[in-house]
Every structure is written in C-alpha cells, then in structure tokens.
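Please read the structure below before turning to the comments.
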Amino acid sequence: MTSAPALPRRCTFASHDWSVLARCWHPVAIASEITPDRPHAAQLLDQDLVLYRSDAGVTVAADLCVHRGAPLSMGTMCDGHVTCAYHGYRYDGTGRCRLIPAHPGGPIPSKLTLRVFKSVERYGLIWVQLDASEERPLPEFPEFGAPGFQVFHVPPLDWAASAGRQVESFCDVAHFAFVHPVTFAAKDPVVPRYDVAPTPAGVHAEFVSQVGNISDPSAASQVWRRVYDLHLPFTAHLTVHFPHGGRFAILNASCAVSARKTRVFAVIAREFDHDQPIAEAIAFQQRVYGEDQRIVERQNPEDLPIDLDEEVHVRADRTSVEYRRQLAKLGLGREFTA
Ligand code: FES
Ligand SMILES: [Fe+2]
C-alpha cells in the first residue's frame, strides 16, 4: 500500500526533519468536503495529495496520474473511480487503474497504480501518515461525540506561518491581554504559576486564571481552568472549564502544508450555548484566530527554534519550552524547517 516515502519535489523542509514528520499523523481535510462528486486537492509536508471518496471510503494518494503525470485533482469522479483529465484513465479506491479508455477490455499494467497513503477519518477530519512504517496513535479528543456536547468545524484557516509557531501560539497563555483584549482576555497580563508536564504524546499543561470579559457575572467563581494537551507534532487539544461548570473544547489540528504554510483545522465541542447559532460561534473563533495570525505570520525566524538558547524564555513560557523540548526528542533538528 505505502511505498518508501520519497522527498517531495521542491521540498521546503530539511530532509531529516521531513522524514521525522512524515512518520506522524497530520490532518489534511474536513471529511465532509470529500464527496463522491469530485476529487479534492490537498498538500502536506510539500507533498501534493488527491483525496476522493468511493464505496471503499476516502482514499488519499499522491496527486499524480502515473501515466503521464497529470494531477488527478484536475479530473472527475466516474462510477466511484477518480478519472484523469488527460487521457481518462480511471483508478479505484485502492489506487489500481481499472480502465484505459483507449483500450477498453485490454490488459492494464500493474504499474498503473497510484501511490496511496495510509489515512483515517477521525473527529470529522481526514488524517494522513505519509510514512506508515511505524504505528502511531492519533490525538485524543474525548469530548467529540460525548453526550451533552455539540460539535462543529471551523472552515480551514490558512496561515503564512510554520505549523510549530502556530501551535505554540495556540498554547501560549501570556499573550491574551495583548492580542485578545476585546474578544476574551482579562486586562491583567500577570500569568499565575501553572503546571506543565511531558506526556507520551507531547505536553500537558493546566492553567487557572481570571478571564475577564466573557466570564458569567452570575457565577460564584470567575476562575477559568484551561487544560492543554499537545500531541506532537502539530495538534493541540484545549478544554476550557468555564466558571459556570460548562466545558468548551477545541482540537487545534494543524496541517504543515509546507515549512512556511499551515492549514489549521479547528474542531469545536461545546457543552453549553447550544441555542447560539453555530455561524456566530464560528465567526467568533475566526476573529480570535485572526488576532493570533496577525502576529504569528510576522514572527522571525519563521521556524520554531528548537534550540532553547535561540530565544528567551521566562516562567510564563513553560508550555512552549516543554513543547520545544519534546519536538527535539521526536528527532527534529535545531531548525526543523528549511
Ligand atoms: S496522464 Fe493521466 S491518463 Fe494520461
Ligand atoms: Fe491567541
């Protein structure tokens, strides 16, 4: 099924780091966007992908027809087969060619088989492992499908930034008062002491604070608890425990499109506000993410420095320090992008 992974053309990652990242799971699309009507293009770690849905489910393959190299995402779907726009060859859900229109009924060379990657549908997303030589667990999202939670997806967000910088910003607790003063932050920028620990998947952090302007004034306590679970390399799960007892969870699952481009998939599960229109909740998340994007797209260097000597860290940065340590342990180099 999966051939030895070759570095993509025009790869923007250092080759060793690309190999490390290729062994991990990454999200590449919202599952409901992959319909039987048309193939879908995506990109992960500079690898062009085509996704298509047949009776066998969703297939993820290199976006390249092995006949003459046309992108299959330019093609169409015919009878559950992805059909090339150039000479009309048709490929089934396993990637095997089933029809050469120029020679119907004739032999089909076995080499006419697409490079198919290991994929799975989970949390309404399609996840891909470009190098499936090792079994790896997917991130956990316990609120997804749990009783009492309403779930929805924010449309994919495209950032001109590295995935490491994006994920680190998602877990940064010291920027709220400066980047999100209107949307949700308290005015007080002080970061109380908080706990951070490594886990088998990445990093666990628990942060308790007052968060001002959307706290419920009728609640007995104005204390918010934010629990972060980072799953290497680029997924972070956050549960916010609101003062009134309700929980709000986000899976921030980032697709490293290239070393400089990131597509963020945000899946939301909320235990309250079920009568609030989902479009309103999505607009709020887009606004908050936009506030982060403005900063992160301008960070320099664009890569997340893995070497802790390269930037300055204070106590408030404990989560990002541990995140960088864990990325180094995963095998990424001092600079994990080119
Ligand atoms: S290039 Fe795809 S059918 Fe010829
Ligand atoms: Fe933020």
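The values are calculated or read from the model by the stated rules, or taken from the named source; none is laboratory data. Treat the numbers as computed from the prediction; the structure is a model and nothing was measured. Backbone-built Cβ (ideal geometry, glycine too); neighbour counts: all protein chains shown.
Does V314 satisfy the condition of being under 27 Å from P198 (Cα atoms), in the same structural domain as A266 (by TED's automatic domain parsing) and within 16 Å of ligand 2 (Cβ to nearest atom)? Considered against the rule, which asks whether it is under 27 Å from P198 (Cα atoms), in the same structural domain as A266 (by TED's automatic domain parsing) and within 16 Å of ligand 2 (Cβ to nearest atom), V314 comes out as no. Being on the phi > 0 side of the Ramachandran plot, at pLDDT 95 or above and more than 13 Å from ligand 1 (Cβ to nearest atom) is true of L45. Say whether the condition of being crowded, with 18+ Cβ neighbours inside 10 Å, outside the structural domain of V20 (by TED's automatic domain parsing) and farther than 28 Å from H26 by Cα is met by at least one residue in the stretch 258-275. No, the stretch 258-275 contains no residue that is crowded, with 18+ Cβ neighbours inside 10 Å, outside the structural domain of V20 (by TED's automatic domain parsing) and farther than 28 Å from H26 by Cα.
Yes/no per residue for (1) within 24 Å of the chain's Cα centre (by Cα); (2) within 16 Å of ligand 1 (Cβ to nearest atom):
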residue	(1), (2)
Y89	no, yes
T94	no, no
L99	no, yes
H103	no, yes
L112	no, yes
K118	yes, no
E121	yes, no
Q129	yes, no
E134	yes, no
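Of all residues in the stretch 137-174, those being hydrophobic (A, V, I, L, M, F, W, C), within 12 Å of ligand 2 (Cβ to nearest atom) and under 14 Å from the mean Cα position of the chain (by Cα) number 2. Taking (1) surrounded by 19 or more Cβ atoms within 10 Å (Cβ to Cβ); (2) under 29 Å from F13 (Cα atoms); (3) of a type outside the set (V, I, T) in turn, F207 satisfies each apart from (2).
Applying the criterion of being in a strand (DSSP E or B) and among the aromatic types (F, W, Y) to the residues of the stretch 152-184, the residue that is farthest from ligand 1 (Cβ to nearest atom) is F152.
For the stretch 56-86, taking the residues that are under 17 Å from V120 (Cβ atoms) and without any contact (Cβ under 8 Å) to a residue 60 or more places away in the chain, the one that is farthest from ligand 1 (Cβ to nearest atom) is identified as A56. From the list I282, I295, exactly one residue is in contact with a strand residue (DSSP E or B) (Cβ under 7 Å, 6 or more places away or on another chain), part of a helix (DSSP H, G or I), more than 30 Å from E134 (Cα to Cα) and not acidic (D, E). Which is it? The match here is I282. The condition (being more than 16 Å from ligand 2 (Cβ to nearest atom), under 20 Å from Q43 (Cβ atoms), of a type in the set (S, T, Y) and in contact with a strand residue (DSSP E or B) (Cβ under 9 Å, 6 or more places away or on another chain)) is satisfied by just one residue among T113, T59, T94: T59. For first residues located in the stretch 2-31 and farther than 18 Å from L327 by Cα and in contact (Cβ under 8 Å) with a residue 24 or more places away in the chain, partners that are among the aliphatic types (A, V, I, L, M) and in a helix (DSSP H, G or I) and lie 6+ apart or on another chain with Cβ distances below 6 Å form the pairs P5/A22.
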